[in-house]
Structure formats: structure tokens, C-alpha cells
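The values are calculated or read from the model by the stated rules, or taken from the named source; none is laboratory data. It should be emphasised that the depicted structure is a prediction, and the values quoted were computed from it without experimental measurement. Here the Cβ is made from the backbone with ideal geometry for all residues, glycine too, and neighbour counts use every protein chain on show.
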């Protein structure tokens, strides 16, 4: 089916390509949500030889030009028909003593609109806002009939119509939602500004809230990542190792590609270092990876890798390993996931390291991390990407837990790092809890982090209660 772009790439993706031509669509939202901005984007997306008409009931044309220029939107190809009252209406104190205002003003207004439509023959029309016609109708029935007739007149002229509404408790716009062929809602929640499509006649669309931002350049929409129902392409399975023989032996060769792995443990264990080893080995095999740092400064990360003598600097400089420092308070969650997807499509990234789950949770702004992480990790996996999630456990010792966020079900592989106290000293242990596509060494091993990365010791024998953090000899237990 032929589609018309809304002028906003992300919204077109949510609408499965855009709007169906010669239909009418309602934009809902409170003041300052971006209704007019979206309307301007829609009008500026005209093709060569087409024309666009802005019918405004509120702002004068000069103000619309000024606001568009401030956002960096070029409106030079748009024809503006401003029906907003001017200062003269107030200074002359116009009133109607015999006839109702609707009877006096409605006919000239209709004639002005018809004249503009017939003169410019627009292919796109934006009406801002249609709620104003409510005040020119004698009752709700007349208003509904008038709106239906108005929209039908425009669409029969071959135009596609976007119109906004102003809804309040006193004057709801439910009637407009029934009339429109599609409804686009601009809202806000705890995580920021969102856009939601609630209706689209004759077409499917992507359900749910999607983050958006209105800034320099206008409106940006970041479609929420939804995993494909299955893998549409059979990807070549291979194994990602670390380059350290003893770790790869524990993993029986490494991690299978396109899987999701959870590296979990308390702070300071070496989780980021272990993830870096997988990325470095991927670079050796000619595969590009991306590391997203939510907590650690990139300069510190690179310096620490250098001190540990990890060969990270060269593949980073050559672009084989992409490292990006993410400030979660500045990113919207859907904006970040879209950024990751762009890296995959444009740079051919085959491995993504999320460091860490806690930082990603901060970017969600109060949303449930489990559902969003599921969409993120599963979505990447089904695109053929290997995902490494770094998860921090707050408790250093005590009851063993894989994750405090109930996300272990998401992982195909689980590698855990654990502190244990022996003779008053903290020792480190590494183990594999889960590996779906192959076997693994189920013994715990001691390890140290030093030059070269991980130094794996011998398997732990003769101790009981290691996972509890306070092992004791087996004969004492």
C-alpha cells in the first residue's frame, strides 16, 4: 500500500511506512507536547510538484515562521492560512447582539478555507487546531457533522489531512477520535516525552509508548525495540573465546555467537575486564564489537586496560572495537537502543557489551528494567548479534544470587564471579552456572586479575560453602 511520510523517520517506522494517503489523522496532546511541530514536519515532507497548506486558528503566521526557524525547520514551501483573531477584534470590541457569533462568523471562515484550498490545490493539509470549530457550532451534533463534512471535503480534493485537538476534562475530544482514520498521541510519563499510536484504519502499527524529543532540528522519535518473533536468517554459529586458554577450557571453547551472556558479580571483581577479553578476541577474528560504558569513564577504562596489558588500544584506534561512554541521564531509553541498532546496521557490529545493567536502568527513568532489557537483548540476538550483559551484585558475600533484578532467565550463558573469605583474606572465584548450547566445566576456580587479564588458578577442592562466601573444609562441614 502506498504510504506518505510524516516527515519524522522514527514515526514512519512505527506506522509501518507512514500514513495512508487521502485520509485524516488526529494529533492529540497537551500544550507544548509538539503537535504543531509534527504538523510542520508533515507539511515539509512534500514531494516536488506538490503543495502544502497550514490552516491555523491560534498563532499568527509570523509567529509560526519564528518558531519553526528556532527549531531549524524550513517552512518556505508551506502556504499559511492564519484564521487567528487579530488585535483589531479586541480593540473594536466586536459583539453580536441579534445573531449568534456562530451564525455571523462561520460562513466567512468556510469561504476563506474553500478559496485557499481551490487556489493552492494542496496534497497535504494541517489544521491547528480543529477544536476551535467547536465554538462556532450551536451544539455537539452540529459540531460533529461540521467536522465530518470539513474533513471529507478536504480528502475528496485529494489531500491527506493532519489535524490537532485540544482536549480537557470540560471539552474532551472523544468525538474527534472516532471521526479520524488514525490517532497519534503525544504524552509524557516518568521516563520523558512519548508518542503513541492508538488507531490506524486499514493498517497495522507498532503498539506501545515510544520516546521522542523536540529539540534543534525539530522532532525525533525513537521506536521502541521489539524483538522479532523468530530468527529470520540462519546466522553462522561460531564461538567467541577470550584468548586465555584456561577460561576458554572452562567454557568448552567459548561462548556461542548470537547468544546472550550474563557476567555477574560484586563490584571490583573484573567483570568489565572479562567482557573486554571477548571483544578483543572478536577483533582478532576480524569481527567488530561495541562496548557501551554507563558507569566508568572511558579514559579510566582505557587506562586500566593499558595497566593490565590488555591489547585494547590498537583495535579501539582502528575502529575494530567501538567504545562509547553513555550518560544515562541524557539519553532516553529508546534513544539509546536506537543508537545501538544504528551501530549494528552501519558499522557491522557483531558483539555488544552493555556495561552495566544498572546504568541502563538509570536511563529508563523509573521504568521496569526487566521488560526493557528483554526487548533490548532478544532484539539484538535475533539480529545475529552476541550480547554480553554485565550485572553487579550489591552483596559481596552471603546468600548466592545470580541477579537482584530477576533477569537470569534471559541469558543463554551465565558466568559468575564470587568473593570468598579464607584465613581472613578475600579470594576470588569464577564459575559457569549455565550454558545452553554446549557443556562446560562445572568446577569453581580461583582467579586473579593482573597484567594480561585473568590468571586462572586450580579448581577449588576440599572446601564447602564457597558460594556463600565463607568456605570451610569439607570434614568440618
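Annotations
- Enumeration of residues in segment 179-192 that are within 13 Å of residue 34 (Cα to Cα) and either modelled with pLDDT of 90 or more or in the same structural domain as residue 367 (by TED's automatic domain parsing) (or both): 184, 185, 186, 187
- Any chance residue 242 is in contact with a helix residue (DSSP H, G or I) (Cβ under 7 Å, 6 or more places away or on another chain), buried (at least 20 other Cβ atoms within 10 Å of the Cβ) and either free of Cβ contacts under 8 Å to residues at least 40 places away in the same chain or farther than 30 Å from residue 19 by Cα (or both): yes
- Scanning segment 46-75 for residues that are closer than 16 Å to residue 123 by Cα and in contact with a helix residue (DSSP H, G or I) (Cβ under 9 Å, 6 or more places away or on another chain) yields 51, 52, 53, 54, 55, 75.
- Residues located in segment 340-375, provided they are free of Cβ contacts under 8 Å to residues at least 60 places away in the same chain, over 18 Å from residue 321 (Cβ atoms) and touching a strand residue (DSSP E or B) at 6+ places or on another chain (Cβ under 9 Å): 357, 373
- Residue match in segment 177-191 (condition: within 19 Å of residue 360 (Cα to Cα) and part of a loop (DSSP other than H, G, I, E, B)): yes
- Odd one out for residue 196, checked against (1) closer than 30 Å to residue 436 by Cα; (2) assigned to a strand (DSSP E or B); (3) without any contact (Cβ under 8 Å) to a residue 60 or more places away in the chain: (1)
- Filter pass, residue 430 being part of a strand (DSSP E or B) and either in contact with a helix residue (DSSP H, G or I) (Cβ under 6 Å, 6 or more places away or on another chain) or at pLDDT below 85 (or both): no
- Which listed residue, of 352, 362, 340, is within 13 Å of the chain's Cα centre (by Cα) and within 16 Å of residue 293 (Cα to Cα): 340
- Identity of the residue in segment 70-110, in a helix (DSSP H, G or I) and at pLDDT 85 or above, that ends up nearest to residue 8 (Cα to Cα): 71
- Among (1) part of a strand (DSSP E or B); (2) without any contact (Cβ under 8 Å) to a residue 60 or more places away in the chain - the single one residue 248 does not satisfy: (1)
- Meets criteria (surrounded by 20 or more Cβ atoms within 10 Å (Cβ to Cβ) and at negative phi) for residue 300: no
- Extreme residue, nearest to residue 35 (Cα to Cα), among residues of segment 119-174 that are at pLDDT 85 or above and part of a loop (DSSP other than H, G, I, E, B): 165
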